[in-house]
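Have a look at the structure below, then the notes.
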Amino acid sequence: MSRKILVIGGGAAGMMAAITAARQGARVSLVERNEKMGRKLYITGKGRCNVTNDCSAQQVLAQIPHGSRFLYSAMNQFPPEEVKRFFQDLHVELKTERGNRVFPVSDCATDIIDALVREMKKLRVQVIHGRVKKIQVNEMVVTGVVLENGVELTADCVIVCTGGASYPATGSTGDGYSFASELGHTIVPPRGSLVPLVEQGTDCKKMQGLSLKNVLIKVENQKKKVVFEEFGELLFTHFGLSGPVILSASTHLDDFPQNKYTVIIDLKPALEEKKLDERLLREFKAQTNKAFQNALGGLLPRLMIPVIIERSGIPPETKVHDLTKGQRRTLLELLKHFQVELQGTRPVAEAIVTSGGVKLNEVNPTTMESKRGSGLYFAGELLDADGYTGGFNLQIAWATGYAAGRHAAKIPT
C-alpha cells in the first residue's frame with residue numbers, strides 16, 4: 001500500500017517534495033498557510049525567478065559556504081541539469097544569462113509557480129489551506145499533524161518545508177524552527193544571509209544611489225584577515241552597502257558586533273599602483289590650473305568626489321599644480337583602498353535567505369530524514385545551509401525537496 005505523506009509549506013522545496021513523492025505513488029497532502037502557493041518564489045530574481053544555475057552539482061557545492069558537505073548527496077540526486085529538465089518537461093521554456101543564471105524565457109516567476117501547481121493537481125496532491133499547530137509523534141515516530149483549527153491529519157511521514165526567517169510577509173515566520181525544536185532538534189540561531197550591510201558612519205549615505213560596476217572588494221576582520229574577496233557590482237544606500245557582491249560577502253560575516261569587519265573597495269582594479277599613478281599624473285597635467293575639487297571628474301563618479309576629497313584631507317580649492325607627491329599618494333591609496341567600516345547587517349527579515357536553522361548533523365544527508373525521529377523530514381531554507389546569489393539557493397530547495405519526497409515515499413521493506 002502507498003505511503004501517506006504530509007508536506008508542510010507550499011514554497012519551492014515543499015512543492016518539489018510533494019510532486020516527487022506523488023510521482024513515486026504516495027498519497028500526498030500539502031498544508032499551506034497562504035491563499036497562494038509559492039509566495040516567496042514570486043519575488044525571487046526580482047520577480048523573474050532565477051530557477052537554478054547552469055553548472056554541475058560540484059560547481060553548485062563550491063558556491064555554498066554553509067552546508068556544502070551535507071548537500072553533496074542531495075545535489076547529486078537532483079543536479080541543475082535535472083532541475084532544468086524537470087521544468088522543461090512541464091513546458092516552461094528556460095534561458096541562461098550572465099553568470100550561468102537560469103530564468104524562464106518569459107522572465108515571469110508566475111510561470112514557474114503555475115507549472116508546479118498544475119503538476120500537483122495532475123498528481124492529485126491535496127492542498128489544504130491552513131496552519132499547522134503541532135506535529136504529532138508516538139514514541140518518536142511521526143503520526144501526523146494538528147492544524148490550528150483543531151483538525152487532525154494522519155500521515156506516515158511529514159516533510160517540513162516552512163522556510164526560514166527572511167521575508168516574513170511571504171509566510172516564512174519561523175514555525176518550522178518551533179516544530180523541529182519540540183521534536184528534539186538543535187536550531188542554529190537564524191541570521192540574515194545575502195543581506196545588505198550597515199556602515200559605521202555616514203559616507204555611504206552621502207553617495208546614496210551610486211552603483212559601481214567591476215570593482216574588487218575585500219572584507220577584513222579585526223585581525224586584518226581577509227574573509228571574502230570578489231569582483232562585482234555594489235550599491236551605496238542610505239544605510240550602507242548593497243548589491244550582488246555585498247550580498248555574497250554577507251554570508252561570511254558572523255557574530256556582529258563581537259567581530260568587526262571592514263569592506264575595502266578597489267575602485268580601479270584594472271590598474272596596478274604604478275599605472276594608476278601614471279594615470280593621475282596625466283589627468284592632473286591636463287588640468288594643471290584647475291582646483292583639485294574640479295579635476296576628479298575623469299577619475300570618479302560625481303557623487304563620490306566630495307567624499308574622496310574629505311577623506312584625502314586635501315583642501316578642495318588647492319590648484320592641481322600645487323599638489324604634492326604625498327597628496328597624490330594619499331589620493332591613490334583612497335582609490336585602491338576605499339574603506340567602509342561596518343556596524344552590522346540589515347535585519348534578517350530583509351535578507352534574501354536565512355543562514356541558520358535545523359542543525360545538519362541531526363539530519364540524514366541522503367534522505368533528509370531526521371535522526372531524532374522516524375518519518376520526519378526537512379527540506380529547503382529551514383536547514384542550516386545557504387549559498388551565494390545566482391540561483392544556488394533555489395537549487396538547494398529543489399534538491400533537498402526532491403530528496404525528501406523521493407525517500408519519504410519509499411515503502412519500508
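In region 45-57, is there at least one residue being surrounded by 17 or more Cβ atoms within 10 Å (Cβ to Cβ) and more than 16 Å from Asn393 (Cα to Cα)?
No; the residues of region 45-57 include none that is surrounded by 17 or more Cβ atoms within 10 Å (Cβ to Cβ) and more than 16 Å from Asn393 (Cα to Cα).
Looking at Asn259, Asn289, which one is exposed (fewer than 12 other Cβ atoms within 10 Å of the Cβ), not in a strand (DSSP E or B) and not acidic (Asp, Glu)? Don't jump to the end; show me each part of the working.
Values: Asn259 fails: exposed (fewer than 12 other Cβ atoms within 10 Å of the Cβ).
Matching residue, one of Asn259, Asn289: Asn289.
Is it the case that some residue within region 357-379 is within 11 Å of the chain's Cα centre (by Cα), of a type in the set (A, V, I, L, M) and surrounded by 24 or more Cβ atoms within 10 Å (Cβ to Cβ)?
Within region 357-379 (the criterion being within 11 Å of the chain's Cα centre (by Cα), of a type in the set (A, V, I, L, M) and surrounded by 24 or more Cβ atoms within 10 Å (Cβ to Cβ)), the answer is no, since none of the residues qualifies.
Scan region 1-55 residue by residue and report those that are at pLDDT below 95, assigned to a helix (DSSP H, G or I) and on the phi < 0 side of the Ramachandran plot.
Across region 1-55, the qualifying residues are Leu41, Tyr42, Ile43, Thr44.
If you take just the strands (runs of 3 or more DSSP E) that sit entirely in region 152-232, which of them hold at least 1 residues that are touching a Lys or Arg at 6+ places or on another chain (Cβ under 6 Å)?
187-193
Quick check: is even one residue across region 328-339 part of a strand (DSSP E or B) and either basic (Lys, Arg) or outside the structural domain of Val60 (by TED's automatic domain parsing) (or both)?
There is at least one residue in region 328-339 that is part of a strand (DSSP E or B) and either basic (Lys, Arg) or outside the structural domain of Val60 (by TED's automatic domain parsing) (or both).
Would you check if Phe392 is crowded, with 24+ Cβ neighbours inside 10 Å and within 12 Å of the chain's Cα centre (by Cα)?
yes
For region 236-250, which residues satisfy the criterion of being surrounded by 20 or more Cβ atoms within 10 Å (Cβ to Cβ) and in contact with a strand residue (DSSP E or B) (Cβ under 7 Å, 6 or more places away or on another chain)?
The answer is Gly240, Leu241, Ser242, Gly243, Val245, Ile246, Ser248, Ala249, Ser250.
Does Leu342 qualify as being in contact with a strand residue (DSSP E or B) (Cβ under 6 Å, 6 or more places away or on another chain) and touching a residue at least 60 places away in the same chain (Cβ under 8 Å)?
Details: in contact with a strand residue (DSSP E or B) (Cβ under 6 Å, 6 or more places away or on another chain): yes; touching a residue at least 60 places away in the same chain (Cβ under 8 Å): yes.
Answer is yes for this residue.
The values are calculated or read from the model by the stated rules, or taken from the named source; none is laboratory data. Worth saying up front: this structure is predicted, and the values here are computed from it rather than measured. When we count neighbours, we look across all protein chains shown, and the Cβ atoms used for this are built from the backbone with ideal geometry, even at glycine.
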